[in-house]
Amino acid sequence: MLFLVLGLPVAALSAGQTAYQSSMRTVHAQSAQRQEVTARLTSNVKGGFQEARQRAQVRWTDGNGTVRTATALVKAGTSKGATVRVWVDRNGTVTSPPMSALTARTNGWFVGGTAAIGLAAGCYAARAGMRHALDRRRYAQWDAEWDQVEPLWSGRFRR
């Protein structure tokens, strides 16, 4: 019980903090490598309410003045020439948005909670295993004692 009371908070906090710090390094790296640009659709995007986003060709001009074209996910039903915001990396390749600090925080909480649950389950399993082993030992001792006492008791009732 002492191991559970002292170890659970330490394990959960250290695992959660480690996951959060690792995720925040990813947030900073992705934020430095990716930027959001304004692009124009080069064709109409078909689709209805069933499809939330569709792939479509977009065109934008990067910081060097180079016109770039790529395929990006845009809202269904958007017309040709509309402006959309897309994320690009340093090479000008369309990519997903960078991870957010909220996602990093969520990862930290999830990993910390999972570590706490895992430690609690491990302690419970160790307790159950120890209890099972001690019960088997106690029952074996009881059987051995009964084997010695039972002949005396059973002879008493045969008279």
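Just so it is clear, none of the values below were taken in a lab; they were calculated from the coordinates. What you are looking at is a predicted structure, and each value in this text was computed from that prediction instead of being measured. Please note: Cβ atoms are built from the backbone with ideal geometry, for glycine as well, and neighbour counts cover all protein chains shown.
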| query | Taking R0 as 25 Å, what's the FRET efficiency between Ala121 and Ser22 from their Cβ-Cβ distance, rounded to 0.05? | reply | 0.55
| message | Compute the helix-to-body angle for 2-33: its Cα long axis versus the longest principal axis of the chain, expressed 0 to 90° and rounded to tens. | response | 10
| request: Could you tell me which trypsin sites (Lys or Arg not before Pro) in region 20-121 are loop residues by DSSP with no more than 13 other beta carbons within 10 angstrom of their beta carbon? | output: Lys46, Lys80, Arg90
| said: Which three extents, in angstrom, do the Cα atoms of region 62-131 have along their principal axes, listed largest first? | reply: 72, 31, 17
| request: Kindly provide the helix-only [θ] at 222 nm of the chain, computed as the sum of -39,500 (n - 2.57) over DSSP H runs of four or more divided by all residues, to the nearest 500 deg cm²/dmol? | output: -21000 deg cm²/dmol
| Considering the values [x] 40, 20, 9; [y] 22, 17, 16; [z] 69, 21, 10, which represents semi-axes √(5λ) of the Cα gyration tensor in Å as calculated for the structure under consideration? | [z]
| query | If R0 is 25 Å, what FRET efficiency do you get for Thr103 and Ala128 from their C-beta distance, rounded to 0.05? | reply | 0.10
| Potential extension, Asn91-Arg53 segment - 0.36 nm per residue separation minus Cα distance | 11.3 nm
| task | State, to one decimal in nm, how far the label point of Val10 lies from the label point of Arg137, with both points 7 Å from Cα in the Cβ direction. | result | 2.6
| query | Relative contact order for the chain using alpha-carbon pairs under 8 Å, separation at least 6, rounded to a whole percent? | reply | 29
| query | Given R₀ = 41 Å, FRET efficiency for Thr69-Ser31 by Cβ-Cβ distance, to 0.05? | reply | 0.95
| query | In sequence order, what are the phi-derived ³J(HN,Hα) couplings for region 65-77 according to the Karplus relation 6.51 cos²θ - 1.76 cosθ + 1.60 with θ = phi - 60°, rounded to whole Hz, with x for glycine and proline? | reply | x, 7, 7, 10, 10, 7, 9, 9, 7, 10, 5, 4, x
